[in-house]
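Derivation of every value follows stated rules applied to the coordinates shown; laboratory data play no part. The model shown is predicted, which means the values in this text are computed figures rather than measured ones. We place every Cβ from the backbone using ideal geometry, glycine too, and count neighbours over all the protein chains shown.
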Amino acid sequence: MRLWIKSLGCKVNLADAVQALEGLDGSRLQVVDRPAQAEVALLHTCTVTHKADRDVRKALNSLLRDLPGLPVVVAGCAAVTDGERLRALPNVRAVLGPGDPTAVARALSAAAHEAGEPGDPSCARGAFAHLGRRRAVLKVQDGCSAGCAYCIVPRVRGPERSVGLAEALAEALRRAGQGHREIVLTGIHLGRWGRELTPRRTLAELVDTLAGALAQRSPASRVRLSSIEPLEWTEELMAVLARRPNVCRHFHVPMQSGADGVLRAMGRPYDASRYAGVLGGLRQRFPDAALGADVLVGFPGEGEAEARATLELLTASPLDYLHVFTFSARPETRAAGLPGRPEPRAVRSRSEALLAFGRQRWQAFLRAGLGRSHELLVEERCGEGLRGRSQHYRPIHLLPGAGAALGDELLGGLLEVTALELQANALRASWCVRAQASRPGEV
Ligand code: SF4
């Protein structure tokens, strides 16, 4: 089956798409780069903002315009909120919500007129390799029961549920066996992993178990955590991170606003000073970690004073990067009916200020990596060189020369490199040795 695939939105969506691919016959699957080469297309959709909805429409319209005969299977979150309209499009063969990869695989086989054959377990390459991904995303949790006022995710993905510890461990080891030297743990509400399992478990136990097992393999793999809510950075979790150096020192803590009134209206369970305390604690324990946050601009009730409070909290924080989102009212969320939305012009200028702040912090963080040793996951070729991300998520471009041959056999591996130069948005490194595993002291 020649398949073109586009996954919009978050890492959970990517993990869902990969699970669907694993329901196909791996020995006959060919993931192609361009829709024109495909016999079927899979569009994994996102609906978290107006812009995400627009991206789905844009992708479908351009397929319909350029390749009207190409059958498309639509999966993911927009299938829940916009299913009827999507089903009516002439090139769409099936519309399936999140969480049913088997149905997606069946729909793809049917659309490509193939017998719905099961995946070939002997195909050792794995679905991430089909997608050209070196980093494996492991979904250990889905759904959310928190109910933030602006968020549509609980409606489309349902309540929280966790993958069991044994299953998550087996899956992590399987990915490592497929050659992935980095496993990214992800979920919609990752910090609450295990709370509804019997017996109840904690994210700290999961990280400890997975990181321990992956460190003992040869070659060892590292673990990266995706976003964890502020109140879920427990003492137990911090202690596990401190004794597991193969957990990447890269921590993302959503903030959303620095104004207490706005945080309350959003239904976020912390205030600005509690948030600052969590970040301060992380920085103290992990002085060189990459610390990042999400900020939501333009929530109803955000005036100039609230915007200033956000910028002040950020300026006083030890954050190294920022993801800035603009509020958009999602259907059937509490925030959709709230009064007091700021003027679009004010929202734009607040976003720009935050983006400029984020760029400046990120540049400073990159500069702090100069002259230091980094553990680099080599992800792709870049001209004569190679590039990838360090343990701390710094982008690094490895240049040829100085006696180091940069052959394709290095792709997907971990290398120890020294950063010598900063160019635009990436560090440049020029020599390397193979890294064994993440060790304390490496960045
Ligand atoms: S924690 Fe809040 S923002 Fe995150 S998925 Fe749940 S409801 Fe949405």
(request) Count neighbours as other Cβ atoms within 10 Å of each site's Cβ, and list the trypsin sites (Lys or Arg not before Pro) in region 136-214 that are DSSP loop with at most 14 such neighbours. (result) ARG200
(message) In whole Hz and in residue order, list the ³J(HN,Hα) couplings for region 83-100 that follow from phi through the Karplus curve 6.51 cos²θ - 1.76 cosθ + 1.60, θ = phi - 60°; x for Gly and Pro.
(response) x, 4, 5, 5, 4, 6, 6, x, 8, 8, 8, 8, 10, 10, x, x, x, 9
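Could the peptides 365-373, 67-75 be put in order, highest first, of the mean number of other beta-carbon atoms found within 10 Å of their residues?
Working: 365-373: 16.6, 67-75: 19.8.
By packing density, highest mean first, the sequence is 67-75, 365-373.
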(message) Just to be sure I understand the model, the point goes 7 Å from the Cα along the line to the Cβ. What's the resulting ARG195 to HIS50 distance in nm?
(response) 3.2 nm
(request) Using amide H atoms built 1.01 Å from N in the peptide plane, name the residues 5+ places from HIS397, or on other chains, whose amide H lies under 5 Å from its own. (result) LEU427, ARG428, ALA429
(message) Within 10 Å of each candidate Cβ there may be at most 12 other Cβ atoms; applying that plus a DSSP loop requirement, which GluC sites (Glu not before Pro) in region 373-419 survive?
(response) GLU384
(request) Sort out for me the Cα centre separation of region 48-62 from region 273-320, rounded to whole Å. (result) 30 Å
(message) For a quick check: with amide H placed at 1.01 Å from N, whose amide H comes under 5 Å from SER226's, ignoring anything fewer than 5 positions away on the same chain?
(response) LEU185
